[in-house]
Amino acid sequence: MPAISASAPGKIILFGEHAVVYSRPAIAVPVLQVKAKAIVRADPHAKPGTVSIEAPDINLKTHQSELPPSHPLNAAVSGVFSALNLTRPPACKLRITSTIPIAAGMGSGAAVSVAIIRALSAFWGKSLPDEQVSAIAYEVEKIYHGTPSGIDNNVIAFAMPVYFIRGQPIETFRVPQPFTIVIGDTGVESSTATTVGDLRKAWQTNPDHYEHLFDKVAGIVRAARAAIEAGRPEAIGPLMTRNHELLQQMDVSSADLETLVRAAQQAGALGAKLSGGGRGGNMITLVDDQRTSEVVAALREAGATNVIVTRIQERYN
Ligand code: PMV
């Protein structure tokens, strides 16, 4: 049986992180410059049902059965067993690699899950539809994040721009005028479960205040979608900056993120904000195409450990 491979892109949240956990809308887009990849090969010498796992990026070489059920990689593999109703499928070796920075708001966990689910289900003879891939990856996201909104698994499984409201079917939207986003990495790993948990505690002590902030974010997300659909992507610059201010008020920014956001603005970006869980990880900035190289240089100068230039468009294949 030939080796089967599958990959899944990274993602960024353009608008609405954190508020999306509280059922406000958010917009996310795939980032194809980075990806997770899973390769599955038959293991003819091993007993049926055996899945050996190799993930060199995290120094892991083991068997699925040796990982606790709560381990995300085990959960992704088990999710495929259940979805396909398998108990002892042909043994295989699963190798996972990823160029998506870990704990940086780019969806590395969800992308690894999606790649594994696709590769294993294809290997065992039944490729799953995107909805089901996303649903299994969502179960794994709960292990990583506790109370995930579901935005990561959706944008990554469907690999197209999404307008997402928790618990509702995803909506895609038109992007008649593609635009450029520069992504700057602080190089600081930050746990989304922690920022989401801290914000939940703050919300519990003062729900009215935070509900008000989330409502303001929702207004920004709706305005951003309208501007993108109307072919006026430049109008989302000030909305990004406004969304960032609200994220500051939720206490999920950090000194490193502020440094990069300021550097982008000073280099002439049209708007900038943190993206994802915050307190580290990545920030994003909207740039005019003529100014891209200045903004990239300014981010590097200000200490970004990695910079990605990505084009946002309606379809990626
Ligand atoms: O995986 P991250 O860091 O992009 O965070 C996801 C965005 C949050 O809104 C903070 C959490 C969630 O589950 O939506």
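The values are calculated or read from the model by the stated rules, or taken from the named source; none is laboratory data. Note that this is a predicted model, so its numbers are computed, not measured. Using ideal geometry, Cβ is built from the backbone for each residue, glycine included, and neighbour counts are taken over all protein chains shown. For the accessible areas, the whole protein counts, side chains as well, though only heavy atoms, and no ligand, DNA or RNA atoms are used. Shrake-Rupley method; radii C 1.70, N 1.55, O 1.52, S 1.80 Å.
When the stretch 128-158 is limited to residues that are open to solvent by less than 10 Å² (accessible area, probe 1.4 Å), within 14 Å of the ligand (Cβ to nearest atom) and β-branched (Val, Ile, Thr), the one that is farthest from Thr172 (Cα to Cα) turns out to be Val140. Let me confirm something: among Glu171, Glu189, Glu211, which residue is in contact (Cβ under 8 Å) with a residue 60 or more places away in the chain and open to solvent by 60 Å² or more (accessible area, probe 1.4 Å)? When all the criteria are applied, what remains is Glu189. Pairs are defined by a Cβ separation below 7 Å, a sequence spacing of at least 6 or placement on different chains, a first member in the stretch 1-17 that is within 30 Å of Val40 (Cβ to Cβ) and in a loop (DSSP other than H, G, I, E, B), and a second member that is away from the ligand (no atom under 16 Å from the Cβ) and of a type outside the set (Lys, Arg); the pairs so defined are Met1/Ala42; Ala3/Ile39; Ala3/Val40. Entry remark, the stretch 38-48: residues being open to solvent by less than 90 Å² (accessible area, probe 1.4 Å) and in a loop (DSSP other than H, G, I, E, B) number 3 in total. Among residues of the stretch 243-271 being free of Cβ contacts under 8 Å to residues at least 24 places away in the same chain and among the charged types (D, E, K, R), the one that is farthest from Ala302 (Cα to Cα) is Glu245.
Selection over the stretch 196-208 of residues that are at pLDDT 95 or above and either outside any helix (DSSP H, G or I) or buried (at least 20 other Cβ atoms within 10 Å of the Cβ) (or both) gives a count of 2.
Collect the residues in the stretch 1-21 that are open to solvent by 10 Å² or more (accessible area, probe 1.4 Å) and more than 11 Å from the ligand (Cβ to nearest atom), keeping them in residue-number order. Met1, Pro2, Ala3, Ile4, Ser5, Ala6, Ser7, Pro9 - these are the residues of the stretch 1-21 that are open to solvent by 10 Å² or more (accessible area, probe 1.4 Å) and more than 11 Å from the ligand (Cβ to nearest atom).
Within the stretch 256-306, if we keep just the residues that are surrounded by fewer than 24 Cβ atoms within 10 Å (Cβ to Cβ) and aliphatic (A, V, I, L, M), the residue that is farthest from the ligand (Cβ to nearest atom) turns out to be Ala297. Here Asp208 fulfils each of the conditions (1) of a type in the set (Asp, Glu); (2) under 18 Å from the mean Cα position of the chain (by Cα); (3) over 22 Å from Leu14 (Cα atoms) apart from (2). Of the residues Thr99, Thr87, the single one that is closer than 28 Å to Gln313 by Cβ and either surrounded by fewer than 17 Cβ atoms within 10 Å (Cβ to Cβ) or free of Cβ contacts under 8 Å to residues at least 24 places away in the same chain (or both) is Thr99. Where helices (runs of 4 or more DSSP H) fall wholly inside the stretch 75-192, the ranges with 3 or more residues that are more than 16 Å from Gly276 (Cβ to Cβ) and β-branched (Val, Ile, Thr) are 108-123, 130-145. When Val51, Val80, Val114 are checked against the criterion of being open to solvent by less than 10 Å² (accessible area, probe 1.4 Å), within 16 Å of the ligand (Cβ to nearest atom) and not polar (S, T, N, Q), a single residue qualifies: Val114.
The set of residues in the stretch 65-77 that are crowded, with 19+ Cβ neighbours inside 10 Å and free of Cβ contacts under 8 Å to residues at least 24 places away in the same chain contains only Asn74. The single condition from (1) closer than 22 Å to Tyr210 by Cα; (2) touching a helix residue (DSSP H, G or I) at 6+ places or on another chain (Cβ under 7 Å) that Leu257 fails is (2).
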